[in-house]
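Notes follow the structure.
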Amino acid sequence: MSRSLWLTLPLLLSAAPVAAQAPATEPVTCLSPCDRVPRPVGQYVRGVELGGRYITLEDGSVWEVEYADRATVASWTADDFVRISFISAPLEDFEYRLTRAGDHDQQATARLHGRARS
């Protein structure tokens, strides 16, 4: 066997798995509920009501907070920034996580309740 064949053989063998892969013919679709997360993924708090049961964000969305997290949310104030993310394993219909950004992130499980009256 010639020297050039010995040098190219490892390159051919390492490229074989890549060449054997079939090209993707279908577009990649999102199999998870990734389109359900509101955009933008963060908002400022407009107000907190009923001891943390409801939180209203700057876009007018009203969120109901799961019972165990209401004491945490009761300490949130207007102009706190809250990140919104989808929970892949929701607790009943509480399928979102609200995370207050700060020195120590605080999290609350919530569901979209409605819209605030203008």
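The values are calculated or read from the model by the stated rules, or taken from the named source; none is laboratory data. Just so we're clear, the structure is a prediction, and the values are computed from it rather than from any experiment. No Cβ is skipped: glycine too gets one built from the backbone with ideal geometry, and neighbour counts run over all protein chains shown. In case anyone asks, the SASA skips ligands and DNA or RNA and just uses the protein heavy atoms, side chains included. Shrake-Rupley method; radii C 1.70, N 1.55, O 1.52, S 1.80 Å.
Laid out as a table, the results:
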| read-out | value |
| --- | --- |
| Criterion: out of contact with any Gly (no Cβ under 7 Å at 6 or more places or on another chain) and surrounded by 12 or more Cβ atoms within 10 Å (Cβ to Cβ) - qualifying residue of Ala116, Ala89, Ala108 | Ala108 |
| Those residues of the stretch 19-76 which are modelled with pLDDT under 85 and acidic (Asp, Glu), in sequence order | Glu26, Asp35 |
| Cβ-Cβ under 6 Å pairs, at least 6 apart or on other chains, the stretch 95-117 side at positive phi, far side open to solvent by less than 40 Å² (accessible area, probe 1.4 Å) | Gly114/Val62 |
| Residue among Phe81, Phe94 that alone is of a type in the set (A, V, I, L, M, F, W, C) and open to solvent by less than 50 Å² (accessible area, probe 1.4 Å) | Phe94 |
| Whichever residue in the stretch 44-67 is over 21 Å from the mean Cα position of the chain (by Cα) and not hydrophobic (A, V, I, L, M, F, W, C) and, among such residues, is least open to solvent (accessible area, probe 1.4 Å) | Gly52 |
